[in-house]
1. For region 119-135, enumerate the residues that are touching a His at 6+ places or on another chain (Cβ under 8 Å) and crowded, with 19+ Cβ neighbours inside 10 Å.
2. Go through region 286-303 and report how many residues are more than 21 Å from THR221 (Cα to Cα) and assigned to a helix (DSSP H, G or I).
3. Regarding GLN267, is this residue touching a residue at least 24 places away in the same chain (Cβ under 8 Å), crowded, with 18+ Cβ neighbours inside 10 Å and of a type outside the set (A, V, I, L, M)?
4. Quick check on region 184-191. Is at least one of its residues under 28 Å from THR129 (Cβ atoms) and not hydroxyl-bearing (Ser, Thr, Tyr)?
5. Going through VAL124, VAL128 one at a time, which residue ends up being within 27 Å of LEU182 (Cα to Cα), part of a strand (DSSP E or B) and not assigned by TED's automatic domain parsing to the domain that holds ALA206?
6. Looking at region 324-332, can you tell me whether even one residue there is under 20 Å from ARG111 (Cβ atoms) and of a type outside the set (Asp, Glu)?
7. Any residue in region 172-184 that's more than 12 Å from TYR137 (Cα to Cα): show its pairings with residues that are surrounded by fewer than 23 Cβ atoms within 10 Å (Cβ to Cβ) and small (Gly, Ala, Ser) at Cβ separation under 6 Å, as long as the two are six or more apart or on different chains.
8. Since SER303 meets every condition but one in (1) surrounded by fewer than 15 Cβ atoms within 10 Å (Cβ to Cβ); (2) among the hydroxyl-bearing types (Ser, Thr, Tyr); (3) in contact with a strand residue (DSSP E or B) (Cβ under 6 Å, 6 or more places away or on another chain), which condition does it not meet?
Amino acid sequence: MHLRFVLVPFTRSRPGWLRRCGAALLLLAGVHLLAAAQSHQPPAGVQEGPIRFGILPLGGVFESRNDWEPLLADLARTINRPVSVLSVSSYDALDQAIRKNQVDMAFLSGRMALDAVTQHGMTVVAQVTRHDGLPGYRSLLLVRKGGQVTTLESVLGQPERLRLARGESKSVSGFIVPQLQLFLPNHIAMETRFKSEFIGTHQATALAVANGEADVATNNTADLERFKLQFPSEFERLIIVWQSDLIPHAQIVMRREYPPEFQKKVQAFLANYGRTPGPRGDPERAVLRSLHDLAGFLPADNSSLLPAARLAHQLAHQSAMNSQWVNEEARASRLAKVDAEYAQQAAVLRGAASPP
């Protein structure tokens, strides 16, 4: 199995623990790369190259890879083709890999899946479900017990004094939703109003607040549940001061050029994974639980991304309304472009227009 590991530096300020762990991560990367090269060779007789599966960086890089490998090994056996893993440390790294045609399938949240489908030749084959039965999860805002701020009102009242830990700009729960539903309505732009900002995974942002290296952080309900299990002491230091409306779950996408029958075979594998009753299905269900407590996958198509397109449109619209313009004609022009882009996206997702 081929493993590509990409380290991308975070912007502006870095928590001390991250700087201290950098060398150890690079050393560990070499160990895992060597192990992957030695122990995961493609099966004999397979002529095609491996299916390259990209993983959205929700926790640690190696943790994400290890969690997904059992499921991807089962997929490889089902489709009789090797599956390699691209596990990266940032949304931007995965986005670049998709742009460069280095990813054939991927686990993506709404905005990244939306871009992959409408701009980069991919299509939705499945959507994840969770054991709580909810059709989505929620974005959260976290502060530290005994910290500089302990209420939402104090966060909104003095952002210039606070250190923010947030997700990347393509992270739905780490940036898009809190910006749209909380900060912009209160005339706060996350990128410019805080004293400093650290950009990282949900695990990293929660740790930054718990360890006193940030004052406030974005996160989400699914990742915070996992964080509680992995870092119980640090979790006890956190306070949730805000939560969003429900956000639709992530999707599995794959390149459109794969034959329809192959896409259906992959979709059927995902839809049936963990559904076998009794002890025979227990190992697969255990794998799903390790993947952020998933219950499984549902067959889906591009229309499942319509809520993500609406969120992106709302954020772009609100940002245009809050920005400074030379005159109202310039603002109106920008709003018209935002509306036209959304209409085109919606048409593509409904199948009424051809994607690029």
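The values are calculated or read from the model by the stated rules, or taken from the named source; none is laboratory data. The model shown is predicted, which means the values in this text are computed figures rather than measured ones. Neighbour counts run over all protein chains shown; Cβ positions are idealised from the backbone, glycine included.
1. Once the filter is applied, which keeps residues that are touching a His at 6+ places or on another chain (Cβ under 8 Å) and crowded, with 19+ Cβ neighbours inside 10 Å, region 119-135 yields GLN127, VAL128, ARG130.
2. Summing the residues that are more than 21 Å from THR221 (Cα to Cα) and assigned to a helix (DSSP H, G or I) in region 286-303 gives 2.
3. Here the answer is yes, as GLN267 does meet what is asked.
4. no
5. Criteria check complete, one pass: VAL128.
6. The answer is no, given that none of the residues of region 324-332 is under 20 Å from ARG111 (Cβ atoms) and of a type outside the set (Asp, Glu).
7. Final answer for the pair search is PHE175/SER169; GLN181/SER244.
8. (3)
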